[in-house]
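**Student:** Before anything else, here's the structure in question.
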């Protein structure tokens, strides 16, 4: 009896050890169902292992230019993804937005689902660390550590530069995600975080969340000092509300700026959030960064993509990216 029990326990231990060994192996067949997270996987060096993605080259051309291996992945529809399709693709891990309603169905079919998401810098770093741990490759772990150091240095150095220059003005910045229909970003968002990190404050007083519809009358009431347009927001000149926009001093005085874009829009939920802080701070407070040791924004942009994506951005590409072009 004791011998039989020992054999059973030994067999169970062997199976458990085998399962742990399998789990510890790097993930080589990835399904990524959150648009922004594809930029994280690419940064961590696993774009070639993505077998299914919600990302599309038409919507995110820089992503597919910097990480061309993503073009070999099967396109899938995010909110209506068929879990059985992911099984047929032999996905050994599925990254899904934490609020994805299909997570339960995927898990019931036996898929290994890792919920991901973030809304500030701390949770973004945790998300990147979780992803690196899941991918379990030396490059992923190295890039995650390096990016953490880069973001933390960015936030520290930006705050130090603003304080050293004695910059006390905190311009009220309105971030416009879309002009038609008119949508802006409020508090409790990554947009609000970089506005504050860049030495400003969000002009959308009393508004919380991303992509919130507002009226032009509300924008006029907020009377922002600066307007930052998302790369794909459209143009004020082509807006049917152009005449009303022109009543704002920020528009008349040329304090309207086009946000850069990249693998993912810099102003939203991707690793380029670190570049966004640098760009926004220099745009809003150029006098504080005139002698910045890090070099021009173009130089920093090229260094970033080489360092974190292994992509040599040309001068022309860097200028196009910084202008919000694709």
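**Student:** May I ask you to list the residues in the stretch 30-46 that are within 12 Å of residue 66 (Cα to Cα) and surrounded by fewer than 24 Cβ atoms within 10 Å (Cβ to Cβ)?
**Tutor:** Once the filter is applied, which keeps residues that are within 12 Å of residue 66 (Cα to Cα) and surrounded by fewer than 24 Cβ atoms within 10 Å (Cβ to Cβ), the stretch 30-46 yields only 45.
**Student:** Is it the case that the stretch 134-143 has a residue that's part of a loop (DSSP other than H, G, I, E, B) and either under 30 Å from residue 248 (Cβ atoms) or not assigned by TED's automatic domain parsing to the domain that holds residue 238 (or both)? Break it down into steps so the answer makes sense when it comes.
**Tutor:** First pass over the stretch 134-143, keeping only residues part of a loop (DSSP other than H, G, I, E, B): 136-137.
From what is left, the residues that are either under 30 Å from residue 248 (Cβ atoms) or not assigned by TED's automatic domain parsing to the domain that holds residue 238 (or both) are 136-137.
Scanning the stretch 134-143 turns up at least one residue that is part of a loop (DSSP other than H, G, I, E, B) and either under 30 Å from residue 248 (Cβ atoms) or not assigned by TED's automatic domain parsing to the domain that holds residue 238 (or both).
**Student:** Output the number of residues of the stretch 289-306 satisfying the condition of being in contact with a helix residue (DSSP H, G or I) (Cβ under 7 Å, 6 or more places away or on another chain) and at pLDDT 95 or above.
**Tutor:** Of the residues in that region, 7 qualify.
**Student:** Here is a list: 226, 184. Which entry is without any contact (Cβ under 8 Å) to a residue 60 or more places away in the chain, in the same structural domain as residue 287 (by TED's automatic domain parsing) and either under 23 Å from residue 271 (Cβ atoms) or surrounded by fewer than 21 Cβ atoms within 10 Å (Cβ to Cβ) (or both)?
**Tutor:** From the options 226, 184, the qualifying one is 226.
**Student:** Within the stretch 187-215, work out how many residues are part of a strand (DSSP E or B) and either in contact (Cβ under 8 Å) with a residue 24 or more places away in the chain or closer than 19 Å to residue 232 by Cα (or both).
**Tutor:** Total satisfying the criteria: 4.
**Student:** Quick one: which residue in 98, 59, 77, 91 is over 26 Å from residue 276 (Cβ atoms), out of contact with any helix residue (DSSP H, G or I) (no Cβ under 6 Å at 6 or more places or on another chain), loosely packed, with under 14 Cβ neighbours inside 10 Å and outside the structural domain of residue 193 (by TED's automatic domain parsing)? Reasoning before the result, please.
**Tutor:** On the way: 98 fails: over 26 Å from residue 276 (Cβ atoms); 59 fails: over 26 Å from residue 276 (Cβ atoms); 91 fails: loosely packed, with under 14 Cβ neighbours inside 10 Å.
Testing whether each residue is over 26 Å from residue 276 (Cβ atoms), out of contact with any helix residue (DSSP H, G or I) (no Cβ under 6 Å at 6 or more places or on another chain), loosely packed, with under 14 Cβ neighbours inside 10 Å and outside the structural domain of residue 193 (by TED's automatic domain parsing) leaves just 77.
**Student:** Additional query: Going by what's in this entry, would residue 246 be described as loosely packed, with under 15 Cβ neighbours inside 10 Å, more than 22 Å from residue 119 (Cα to Cα) and at pLDDT 95 or above?
**Tutor:** Yes; evaluated as a whole, the condition is true for this residue.
**Student:** Out of (1) in contact (Cβ under 8 Å) with a residue 40 or more places away in the chain; (2) under 14 Å from residue 194 (Cβ atoms), what's the single condition that is false for residue 266?
**Tutor:** Result: residue 266 fails condition (1) only.
The values are calculated or read from the model by the stated rules, or taken from the named source; none is laboratory data. Keep in mind that this is a model prediction, so the values were computed, not measured. For neighbour counting, all protein chains shown are included, and Cβ atoms are generated from backbone atoms with ideal geometry for every residue, glycine included.
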